[in-house]
Structures are given as C-alpha cells and as structure tokens.
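First comes the structure, then the notes that go with it.
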C-alpha cells in the first residue's frame, strides 16, 4: 500500500466514524488534496475541518500543527479545526 492509499483509507475510516457516531450530518472529503484540510464536516453546532495524519505522530506535534493551521485560517464563528492522528492507544486522536 503506498502513502496515498494509506492516507485515503484513513480519511475514509474517519469519515465513517463521524457519520456512524452521528457527530456529523455531512462529511466532504477532498480527494488527493494538497491543501490545508482533508475533510470538512457539518456538525450540529459547527463546521469542522480536519487535517488527517495516517502515520503515528505525537500529540505535541499534532497540537502544534493544529495551532499553525488555525493561525493560517483565522477565526470564524462556529468554525473548528482539528488534526487527527494515530497513537498507540487510539485510532483517532483529535487535537
């Protein structure tokens, strides 16, 4: 499995997770995105953007990346941004 396939599989698994847990009404995936966000989800009280990292990464690095992405995006009411990554304990760790 190449890197692109690995990322795509992880994005689709998280998309199913959001829909299955009824956290999101709609989730849009930016296939082969080279942009800031891999998934955009419409949730009950916010629009959430997700940058997915299929490889393991530390929570400290994920928090730093999330802060950088938010600084680049700016703050909008009801807009939340997350970096989702794997840890030893969790398949989807969100920051």
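Read the figures in this text as sums done on the coordinates, not as results from a lab. Keep in mind that this is a model prediction, so the values were computed, not measured. Reconstructed Cβ throughout: ideal geometry from the backbone, glycine too, with neighbour counts over all protein chains shown.
On the given criteria, is residue 49 touching a strand residue (DSSP E or B) at 6+ places or on another chain (Cβ under 6 Å) and closer than 21 Å to residue 28 by Cα?
Working: touching a strand residue (DSSP E or B) at 6+ places or on another chain (Cβ under 6 Å): yes; closer than 21 Å to residue 28 by Cα: yes.
Against the criterion (touching a strand residue (DSSP E or B) at 6+ places or on another chain (Cβ under 6 Å) and closer than 21 Å to residue 28 by Cα), residue 49 qualifies.
May I ask you to list the residues in the stretch 65-79 that are in contact with a strand residue (DSSP E or B) (Cβ under 9 Å, 6 or more places away or on another chain), more than 15 Å from residue 52 (Cβ to Cβ) and surrounded by 12 or more Cβ atoms within 10 Å (Cβ to Cβ)?
Narrowing the stretch 65-79 to residues in contact with a strand residue (DSSP E or B) (Cβ under 9 Å, 6 or more places away or on another chain): 65-66, 69-70, 73, 76, 78-79.
Checking the rest, the ones that are also more than 15 Å from residue 52 (Cβ to Cβ) come to 70, 73, 76, 78-79.
70, 73, 79 - these are the residues of the stretch 65-79 that are in contact with a strand residue (DSSP E or B) (Cβ under 9 Å, 6 or more places away or on another chain), more than 15 Å from residue 52 (Cβ to Cβ) and surrounded by 12 or more Cβ atoms within 10 Å (Cβ to Cβ).
Looking only at the stretch 59-93, how many residues end up being in a strand (DSSP E or B) and either under 16 Å from residue 36 (Cβ atoms) or in contact with a helix residue (DSSP H, G or I) (Cβ under 7 Å, 6 or more places away or on another chain) (or both)? I'd like the intermediate steps shown before the answer.
The first filter runs over the stretch 59-93 and keeps only residues in a strand (DSSP E or B), leaving 79-86, 93.
With the extra rule that they be either under 16 Å from residue 36 (Cβ atoms) or in contact with a helix residue (DSSP H, G or I) (Cβ under 7 Å, 6 or more places away or on another chain) (or both), the set shrinks to 79-85, 93.
Count: 8.
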query = In the stretch 13-35, what count of residues is obtained for those that are within 22 Å of residue 65 (Cα to Cα) and in contact with a strand residue (DSSP E or B) (Cβ under 7 Å, 6 or more places away or on another chain)?
reply = 6
remark   = Among the residues of the stretch 40-57, the number that are out of contact with any helix residue (DSSP H, G or I) (no Cβ under 6 Å at 6 or more places or on another chain) and farther than 11 Å from residue 83 by Cβ is 10
